[in-house]
Amino acid sequence: MPAELALVVLAAGKGTRLKSARAKVLHQAGGLPLIAHVLRTAAQLRRAQGRGSVMGAWVVVGHQAERVRQVAETFGAGAILQQPQLGTGHAVGRALAVLPRSVARLLVLPGDAPLFQVESLQALLQTQSNSGAAAAVLTAQRDDPHGYGRIVRGLSGEVEAIVEQGALAADERGLREVNSGVYCFDRAQLAPLLGRLGRQNIHREYYLTDVIALLRRGGQKVVACVAADPGEILGVNTPAELARVDAILRRRKAEALMNCGVTLYQPETQAIDPDVSIGSDTIVERGVELRGSTRLGRRCRIGAFSILVNAHLADDVTVRPHCLVLNSRLGAGVTVGPFAHLRDGADIRAGARIGNYVEVKKSVVREGAKALHLTYLGDATVGRKTNVGAGTITCNYDGQAKHPTTIADDVFVGSGTELVAPVKVGRGAYIAAGSTVTDNIPANALAIARGRQVNKRGWARNRRRMLATAKARKDEPAVAVRPATPSKSGRGARHPRRGRRRQARRRSRRRR
Ligand code: UD1
Ligand code: CA
């Protein structure tokens, strides 16, 4: 096939019926903006046809043009501005004014219909080239044709006209064959007719669909290609249609995964984006969201209600319920959660374990290390087989800048440790529970960084007795009675003898 076909996606409209300020084609379904689904299919078609035969893809933009253009660019499609937006016929006219001269055929696609399959588009192109028709229309037989343009066929089966919902005559209301909005046009036949379109319709727009009757009047041939699945032409005009299309895209993705040996529990409760890949024998429990470029290895298990965004999991990873994993990597055999939060480049290496209520940010947790309870690791490196005790916190932020914490291999971090960064803990070191570590710890050392404990014998019993006496007297309020307490500063409490000496000194000063 010669290099002559251009794909033109119409995406300039506002989408008034969605009652939203956002352009319709930017609304998301199945994890992507509507326009992105259409452009993905267009890219697949270009690959299937062979790049040599397709000149390229262009998107007609108008409402929120800049944002739609950005999405188009990520798919290598060009953008053509239509300003103002005067209808689908006007949009194609704008495209023709800009497309390279060598383009001889156009495949026109609506940007608000994300369900088209490549095979149907290929069949349409084939129908046009086999018949040599000026236009070929992709149509569908629908039980509920409401809202779509209807296909009016002549006696020989040729397409005579497309009549929009608002203009249907009484005898056309029963027509079930609808216009999908996808057409293949011969450019030379189409171009002169766009200037002859009128705006005598309820929307005062130039309808592309009116071209069909004009072609027929000029004695040109128009053929139809009926889509195998009438569901795939579904377009989005209303919020209800957006929800329907979303459910269909989700189901398609779920079915594709299940066909590859993935087990999904209650897939209707899950949201799995189109680019997500999952290895066989992996189980995804209910309510799970897998978003963006998330990749799961084989034999993983993702617990209920966990959300993974751009997460890369090796084989045999277990994510327990209610975890949030963002832009992070989990090595083979890692277990995480429940209720864990891994984000911004958490790198959990093979066999490591992250437990409940643990947050890990921009940190490497090396092979076999453990942080199992109530911990924050930020800007940290945790060495191999190191044990991070419950309630450990890296104090990585001083109010201005972030600082690193480096913990070597085989370290034992006692529970309730605070590591004030920047700080380094040497290999094999041992940190006493409750320590606030501010200095580097040498390898194999024991670090104790906390106040010493003092036990005051009989203190509690004496207090209870005094309270009881006060209550018995009744005339004295209970709060006025204090047990023998140390000085206000509390220093005396830790060293009772020194405290007594201090009191003696104070007494003698007063006497002087
Ligand atoms: C259109 C068809 C209808 C078909 C249906 C299939 C016309 C007149 N009608 O109706 O026969 O059954 O699609 O989905 O074509 N757009 C522009 N510029 C404009 C107007 C629209 O780029 O000036 C874009 C929209 O952004 C949208 C697409 O064209 O992506 C279709 O427009 P829309 O208004 O949704 O047409 P429908 O009423 O659905
Ligand atoms: Ca539409």
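Observations, loosely collected:
- Here the stretch 239-447 is treated as a sphere whose radius is the Kirkwood value from Cα pairs; by Stokes-Einstein at 4 °C and 1.567 mPa s it diffuses with a coefficient of 73 µm²/s.
- For q = 0.09, 0.14, 0.20, 0.21 Å⁻¹, Debye-computed log10 I/I(0) when each Cα of the stretch 140-273 counts as one equal scatterer: -0.38, -0.76, -1.21, -1.29
- Remark on residue 301: its backbone amide H falls under 5 Å from those of 283, 317, 318, 319, a criterion applied only to residues 5 or more positions apart or on other chains, H modelled at 1.01 Å from N.
- Calculated SAXS-style log₁₀ I(q)/I(0) at q = 0.13, 0.16, 0.19 Å⁻¹ - the stretch 1-136, Debye, Cα scatterers: -0.52, -0.79, -1.10
- Only one residue of 304, 258, 332 has its Cα farthest out toward the positive end of the dipole of the stretch 189-345, where Lys and Arg carry +1 and Asp and Glu -1 on Cβ, and that residue is 258.
- Averaging the Cα positions of each part gives two centres, and for the stretch 155-176 and the stretch 3-75 these lie 29 Å apart.
- Its convex hull of Cα atoms gives the stretch 284-390 a direction-averaged projected area, equal to a quarter of the hull surface, of 5.0 nm².
- For the stretch 5-233, radius of gyration divided by Kirkwood radius, i.e. Rg to Rh on alpha-carbons: 0.93
- Only the Cβ atoms of Lys and Arg (+1) and of Asp and Glu (-1) were treated as charged; on that basis the dipole of the stretch 239-447 about its Cα centre amounts to roughly 300 debye.
- Binned Cα-Cα distance frequencies in the stretch 62-117 - 5 Å width, integer %: 4, 15, 24, 30, 20, 7, 0
- If the Kirkwood radius is taken over C-alpha pairs of the stretch 357-428, then at 10 °C and 1.306 mPa s the Stokes-Einstein diffusion coefficient equals 136 µm²/s.
- Of the trypsin sites (Lys or Arg not before Pro) in the stretch 12-47, the ones in a loop by DSSP (not H, G, I, E or B) with at most 14 other beta carbons within 10 Å are 19.
- Taking the square roots of five times each eigenvalue of the Cα gyration tensor of the stretch 133-206, the equivalent ellipsoid has semi-axes of 21, 17, 11 Å, listed largest first.
- With neighbours defined as other Cβ atoms within 10 Å of a residue's Cβ, the residues 217, 301, 94, 349 order from fewest to most as 217, 301, 349, 94.
- With coordinates expressed along the principal axes, the C-alpha atoms belonging to the stretch 220-331 extend over 63, 28, 24 Å, beginning with the largest.
- Taking only the alpha carbons of the stretch 263-303, we obtain Rg and Dmax values of 9.2, 22 Å in that order.
- Projecting label points 7 angstrom from Cα along Cα→Cβ for residue 228 and residue 83 puts them 4.3 nm apart.
- Cβ-based net charge around residue 435, under 10 Å, with every Lys or Arg adding one and every Asp or Glu removing one: 0
- Over all other residues within a Cβ to Cβ distance under 11 Å of residue 319, the charged ones net out to +1, with Lys and Arg as +1 and Asp and Glu as -1.
- Counting only DSSP beta bridges whose two residues both lie in the chain, roughly 15 percent are antiparallel.
- Of the two radii for the stretch 72-185, the radius of gyration is 0.98 times the Kirkwood radius, both from the alpha carbons; that is the Rg over Rh value.
- Förster-model FRET efficiency, 45 Å R0, residue 277 and residue 469, C-beta, rounded to 0.05: 0.05
- Counted by Cβ distance under 11 Å from residue 342, the other residues give a net charge of +1, where Lys and Arg count +1 and Asp and Glu count -1.
- In summary, the lysines within cross-link reach of residue 456, defined as a Cα separation below 30 angstrom excluding same-chain residues under 8 places away, comprise 471, 474, 488.
- Rg ratio (alpha-carbon, reference 2.2 N^0.38 Å) - the stretch 24-90: 1.15
- All C-alpha to C-alpha distances of the chain, sorted into 10 Å bins beginning at zero, yield P(r) values of 4, 15, 18, 15, 13, 11, 9, 6, 4, 4, 2, 0, 0 percent in whole numbers.
- Dipole of the stretch 35-86 [Lys/Arg +1, Asp/Glu -1 at C-beta], most positive-end residue of 77, 65, 49: 49
Only the coordinates and a few stated rules stand behind these numbers; no lab work does. Quantities reported herein were computed from a predicted structural model and do not represent experimental measurements. Every residue, glycine as well, gets a Cβ built from its backbone with ideal geometry; the counts of neighbours run over all protein chains shown.
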